[in-house]
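Derivation of every value follows stated rules applied to the coordinates shown; laboratory data play no part. Bear in mind that the values here come from a model prediction, so they are computed numbers and not experimental data. Cβ atoms come from the backbone with ideal geometry, glycine included; neighbour counts cover every protein chain shown.
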C-alpha cells in the first residue's frame, strides 16, 4: 500500500511538472508575439491563469492570460507600467506548435500608468510652454495666456477624466497673478476645457477611466475582439 501511494505521488509530481513546463513554454511563445505586436520595449511578463494547463493546451482555449510590462512605448510616449488582461483566448494549433498562426482574444481590459513628465510631454502642444502638476486630488496647470492683449501667467486647477476615449481636462478654478477674478475666470475656464488624444495603447485599449495620483496618471479601459500573429 505504501509503495502504491509513493508511486501515485510520483505520477502526480511528474504530471504537475510536465504541466508547469508546458505552460512556461507556451507563455514564452505568447510573450514573444505580444512583445512584437505592442512594441513593449522590455520583455513583458505573461501568465496563463488556467490550471491544469495541458487540457486547455489540447483544445487551444484559455479563459485568461495576463500581461505586465514596464517602459513600453506608445507613439513617442513612455508608459511606466502596462497591465493587460486577455479573456476568452483561442490559439490556433499551428501557433501552439510554433509554426505560426493566430491568437484570437474575445475581449481585453487593462491599464497603463504615465509619469508626470510624460503627461507634460503629451500636453506640450496644448500648454505652449506651460507645465502640469498631478496630485491625488487633481491637476494644476501653470500656463501663459493672453488676456486683453497682454500675456499673463495663470494657474488653472481641475480634474482629468475620460471622454470619447480621450483624456478630458475639466477646469474648476483659475488664478491670475495669485488672484481669482470672476470675469477673467469665466473666460479662461472655457479656454482651458479641452480633450487630449490618447496614443494607441497596448491591447488596443479604449480609455474609459482616468485616475490621478501623486505625480502619476492611470488610464484604464477595455478592448473588443483582437488577433495577434504568433
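What the table shows:
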| item | result |
| --- | --- |
| Inter-label distance for residue 195 and residue 102, nm, one decimal - labels placed 7 Å from Cα along Cα-to-Cβ | 3.0 nm |
| Ranked list, fewest to most other Cβ atoms within 10 Å of each Cβ, for 194, 62 | 194, 62 |
| Exposure proxy order (Cβ contacts within 10 Å, fewest to most) of 200, 206 | 200, 206 |
| R0 of 45 Å, Cβ-Cβ distance residue 117-residue 59: FRET efficiency to nearest 0.05 | 0.50 |
| In nm, spacing of pseudo-spin labels at residue 78 and residue 90 (7 Å Cα→C-beta vector) | 4.0 nm |
| Label-point separation, residue 144 to residue 172 (7 Å along Cα→Cβ), nm | 2.9 nm |
| Over region 117-217, relative contact order from alpha-carbon pairs under 8 Å, at least 6 apart, % | 27 percent |
